[in-house]
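Working notes for the structure below.
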């Protein structure tokens, strides 16, 4: 990332998700400069001031509201801008509104920054990641979405609760669409290398199928549950954004289920969806082919077909 400042991040969109992400990133100490951009300059200024006032308790950082011209040397541009998901609305209902918004935002970004990484967080994230890749003309490895990173964290959290173990010792992925057709990849799930069903039995759980169905359903409905109770979800996704930024800035080569354009992965091509991928300084370095059962692979292709149908309608 020669032409960019690896210590600078930009956030486009200062709604709940953008401002929570800005706060999480400030707390992380990963960057020394953060520019906030919003359709309402006042909103961006307010968020920048509010977060800046806590800097005496954190690490030195320059946080300010800016214009697109201020992102020219940003290492990562996080795009959270878009219409929010309303109660009763599916993520796919948002498509037309948000693709329209992206048609004005992404070319502006590409005009001012050609070397950074575009991290798409706005929903529906898979469609918008595809749109951002096409609209920006960036190499595909440098345009990817937060995908099912949060869904996977929810799965690990719920499995940790179910089994009475640290969720960080649970290794399992949600793959496919970040949305209603997502898939829990149970066949590759394990707890510190022990196959999931074996570990469940060690902990006194024997009704595997019913438990798996209930947990997968809880993960899928998490966002709806939170939206129904408090109107929006933002802390979980903010922590996911921070985690992805860590992997990039530190060149960790961490394996995260981000949304990226697929090329003949389980027979899926030319759409963006989430599969585990190696994430480092150059963005998505490679996708990781995890073991899937026949049914999981079939469900993944169905999830891809759902997204493909939407893309064909719009592009």
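Assorted remarks:
- None of 214, 272, 277 is free of Cβ contacts under 8 Å to residues at least 40 places away in the same chain and either surrounded by fewer than 20 Cβ atoms within 10 Å (Cβ to Cβ) or in contact with a strand residue (DSSP E or B) (Cβ under 6 Å, 6 or more places away or on another chain) (or both) except 214.
- The set of residues from the range 280-315 being assigned to a strand (DSSP E or B) and free of Cβ contacts under 8 Å to residues at least 60 places away in the same chain comprises 280, 286, 287.
Quick grid of which residues meet (1) assigned by TED's automatic domain parsing to the domain that holds residue 79; (2) surrounded by fewer than 24 Cβ atoms within 10 Å (Cβ to Cβ):
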{"position": "137", "(1), (2)": "yes, yes"}
{"position": "156", "(1), (2)": "no, yes"}
{"position": "168", "(1), (2)": "no, yes"}
{"position": "174", "(1), (2)": "no, no"}
{"position": "180", "(1), (2)": "no, yes"}
{"position": "186", "(1), (2)": "no, yes"}
{"position": "190", "(1), (2)": "no, yes"}
{"position": "194", "(1), (2)": "no, yes"}
{"position": "198", "(1), (2)": "no, yes"}
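- Selected residue (only one of 166, 180 is out of contact with any strand residue (DSSP E or B) (no Cβ under 8 Å at 6 or more places or on another chain), modelled with pLDDT under 95 and at negative phi): 180
- Filter pass, residue 118 being at pLDDT 95 or above, in contact with a helix residue (DSSP H, G or I) (Cβ under 6 Å, 6 or more places away or on another chain) and in a helix (DSSP H, G or I): no
- Scanning the range 7-28 for residues that are buried (at least 20 other Cβ atoms within 10 Å of the Cβ), in contact with a strand residue (DSSP E or B) (Cβ under 7 Å, 6 or more places away or on another chain) and at negative phi gives 8, 9, 10, 11, 12, 14, 18, 21, 22, 25, 26.
The values are calculated or read from the model by the stated rules, or taken from the named source; none is laboratory data. Predicted model, so just to flag it, every value in this text is computed and none were measured. Don't worry about glycine lacking a Cβ; one is built from the backbone with ideal geometry, like all the others, and counts go over all protein chains shown.
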